Amino acid sequence: TTPTTETTHTFSKHHRIKIKMATTGGGDTQQQQQQKQQHTTPQHKQTVLDLGKYIDKGVRVKLSGGREVEGILKGFDQLLNLVLDETKEYLRDVDDPLRITDETRNLGLIVTRGTSVMVVSPLDGLKEIENPFAVAPEEY
């Protein structure tokens, strides 16, 4: 019989695969072993948005329905479910519900469902600019 080596790869606490490879003579090079593993490893879709670089950093999130929250990104998944800590919600103007005010309320640790996330933007480098398309009010 030919000697075999068995390798176990764990993708998450529920997904684990075992790979048995026959070793012959001098054995495969490391590159050949990696190529074999790539062909046996299940392919996962990659997300367009890489939020990993914003972990433990401040983000502002616009949600469907017009709500806006700001907090520290603690986690996310492929469905864009977000975990935010030290979160505060920006309240809407009583007279104009489409307008967000500077008034906030603290929410603490929250989980936002990915289906309601519309925009995720980092806080560093975020600044408000004047609307270039706004018509200046005419003086009479």
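The distance from the alpha carbon centre of segment 88-103 to that of segment 51-86 is 19 Å, rounded to a whole number.
In terms of packing, defined here as the mean over residues of other Cβ atoms within 10 angstrom, the peptides 57-66, 95-104 line up highest first as 57-66, 95-104.
Laboratory data are not the source of any read-out in this text; all were calculated from the coordinates shown. Everything quoted here is computed from the prediction, not taken from an experiment. Here the Cβ is made from the backbone with ideal geometry for all residues, glycine too, and neighbour counts use every protein chain on show.
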